[in-house]
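Worksheet for the structure shown next.
The values are calculated or read from the model by the stated rules, or taken from the named source; none is laboratory data. Predicted, not measured: the structure shown is a model, and the values here were computed from it. All Cβ positions, glycine included, derive from the backbone under ideal geometry; neighbour counts span all protein chains shown.
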Amino acid sequence: MDKKYVAPSLLASDFANLQRDIEMVNQSEADWFHLDVMDGVFVPNISFGMPVIQAIAKHAKKPLDTHLMIVNPDQYIKTFADLGVNHLTVHYEACPHLHRTLQAIKAEGMKAGVAINPHNSVKLLEDTIQDIDIVIVMSVNPGFGGQSFIENTYQKVKDLKQLIQSKNANTLIEIDGGVNVDNAKKLIEAGADVLVAGSFVFKSENPTETIKDLKVEIA
Ligand code: DX5
Ligand code: ZN
């Protein structure tokens, strides 16, 4: 089986102890850092932006998987590249010129991702899938951590996997929202490659062990 990834979302970390939580992820079996950038316009919440990502990049020893929940992401592509972001994901719903946006992300040397909201079909990616390195299937409505997982995600993942195979694309499927040890395996079986987990990791008693549990579950 291909490699499977776990990406803890720092949105659920303790911002007053950010360095400690970053070190925990560095030392753990996690594969990537998932960073959620929210602008209060595309989603009804504001999280963190460039100065915080700059601080994270100073300590993080694993790829920075950055999920932009913002309008007009194009204007910040170069800034995120300069900060050391490795994967930059924009929302399908925020990009009227998605093909151009994807090329611009790649031109800056980053992997290009597209996230789709729960109400949108993966069919919308039919004509761009070959240009997409990562699709984030939102399994909650974006904007907040700690929400419950939307069950029809499994079917969406299966449909997306089929689309990727039919187009011979080389695209990873990432699931974001409400992921835990109870749905992890079923998501991987449906075709997922990457699992984001925020609250499930950081609100647990022993985050390092929780990451390990997720890795074992999907191995
Ligand atoms: C939601 C964010 C998620 C969030 C996941 O808008 O995109 O990455 O941090 O948090 P949990 O795992 O708590 O649902
Ligand atoms: Zn996210």
| task | Can you work out which of the residues in segment 22-57 that are within 16 Å of ligand 2 (Cβ to nearest atom) and acidic (Asp, Glu) is nearest to Tyr76 (Cα to Cα)? | result | Asp39
| query | For segment 71-100, how many residues meet the condition of being within 22 Å of Leu172 (Cβ to Cβ) and of a type in the set (Val, Ile, Thr)? | reply | 4
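Matching residues to (1) at pLDDT 95 or above; (2) closer than 20 Å to Val179 by Cβ; (3) not charged (D, E, K, R):
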{"position": "Lys61", "(1), (2), (3)": "yes, no, no"}
{"position": "Thr66", "(1), (2), (3)": "yes, yes, yes"}
{"position": "Ile77", "(1), (2), (3)": "yes, no, yes"}
{"position": "Leu83", "(1), (2), (3)": "yes, no, yes"}
{"position": "Pro96", "(1), (2), (3)": "yes, no, yes"}
{"position": "Ala112", "(1), (2), (3)": "yes, no, yes"}
{"position": "Pro118", "(1), (2), (3)": "yes, yes, yes"}
{"position": "Asn141", "(1), (2), (3)": "yes, yes, yes"}
| Can Ser199 be described as out of contact with any Cys (no Cβ under 9 Å at 6 or more places or on another chain), more than 14 Å from ligand 2 (Cβ to nearest atom) and either at pLDDT 95 or above or among the polar types (S, T, N, Q) (or both)? | no
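Filter segment 191-205 down to the residues that are surrounded by fewer than 20 Cβ atoms within 10 Å (Cβ to Cβ) and either among the basic types (Lys, Arg) or away from ligand 1 (no atom under 14 Å from the Cβ) (or both), then identify the one that is farthest from the chain's Cα centre (by Cα).
Initial filter on segment 191-205 (surrounded by fewer than 20 Cβ atoms within 10 Å (Cβ to Cβ)): 191, 199, 203-205.
Those still in the list that are either among the basic types (Lys, Arg) or away from ligand 1 (no atom under 14 Å from the Cβ) (or both) too: 191, 203, 205.
Working: Gly191: 16, Lys203: 19, Glu205: 23 Å.
The residue in question is Glu205.
For segment 84-105, give me the residue count where each residue is part of a helix (DSSP H, G or I), under 20 Å from Gly40 (Cβ atoms) and free of Cβ contacts under 8 Å to residues at least 40 places away in the same chain. Explain how you work it out, then say what you get.
Applying the first criterion (part of a helix (DSSP H, G or I)) to segment 84-105 yields 92-94, 98-105.
Going one step further and asking which of them are under 20 Å from Gly40 (Cβ atoms), we end up with 92-94.
Now restrict to residues that are free of Cβ contacts under 8 Å to residues at least 40 places away in the same chain: 92.
Going through segment 84-105 one residue at a time, the tally reaches 1.
Filtering segment 187-201 down to residues that are part of a helix (DSSP H, G or I) and touching a helix residue (DSSP H, G or I) at 6+ places or on another chain (Cβ under 6 Å), which residue is farthest from Thr153 (Cα to Cα)? Break it down stepwise before answering.
At the first step, the residues of segment 187-201 found to be part of a helix (DSSP H, G or I) are 187-190, 199-201.
Add one more test, that the residue is touching a helix residue (DSSP H, G or I) at 6+ places or on another chain (Cβ under 6 Å), and what stays is 188, 190, 199, 201.
On the way: Ile188: 12, Ala190: 9, Ser199: 19, Val201: 20 Å.
If we take residues in segment 187-201 being part of a helix (DSSP H, G or I) and touching a helix residue (DSSP H, G or I) at 6+ places or on another chain (Cβ under 6 Å), then Val201 is farthest from Thr153 (Cα to Cα).
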| request: Scan (1) touching a Pro at 6+ places or on another chain (Cβ under 6 Å); (2) away from ligand 2 (no atom under 16 Å from the Cβ) for the single condition Ser204 breaks and write down its number. | output: (1)
| task | Scan segment 131-178 for residues that are among the hydrophobic types (A, V, I, L, M, F, W, C) and more than 17 Å from the chain's Cα centre (by Cα) and jot them down. | result | Leu163, Ile164, Ala169
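Scanning segment 116-140 for residues that are hydrophobic (A, V, I, L, M, F, W, C) and under 24 Å from Thr79 (Cα atoms), which turns out surrounded by the most Cβ atoms within 10 Å (Cβ to Cβ)?
Across segment 116-140, the extreme among qualifying residues is Val135.
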| In segment 1-25, the residues that are within 14 Å of ligand 1 (Cβ to nearest atom) and in a helix (DSSP H, G or I) | Leu10, Leu11, Ala12, Phe15, Asp21, Val25
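Name the residues in segment 58-83 that are part of a helix (DSSP H, G or I) and more than 16 Å from ligand 2 (Cβ to nearest atom), would you? So that I can check it myself, show each step before the final result.
Keep residues of segment 58-83 that are part of a helix (DSSP H, G or I), which gives 58-59, 73-83.
The answer is Lys58, His59, Asp74, Gln75, Tyr76, Ile77, Lys78, Thr79, Ala81, Asp82, Leu83.
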| field | Only listed residue being surrounded by 14 or more Cβ atoms within 10 Å (Cβ to Cβ) and in a loop (DSSP other than H, G, I, E, B), chosen from Gly109, Gly143, Gly113 | value | Gly143
| request: Restricting attention to segment 159-185, report how many residues are closer than 26 Å to Val201 by Cβ and either among the basic types (Lys, Arg) or within 16 Å of ligand 1 (Cβ to nearest atom) (or both). | output: 15
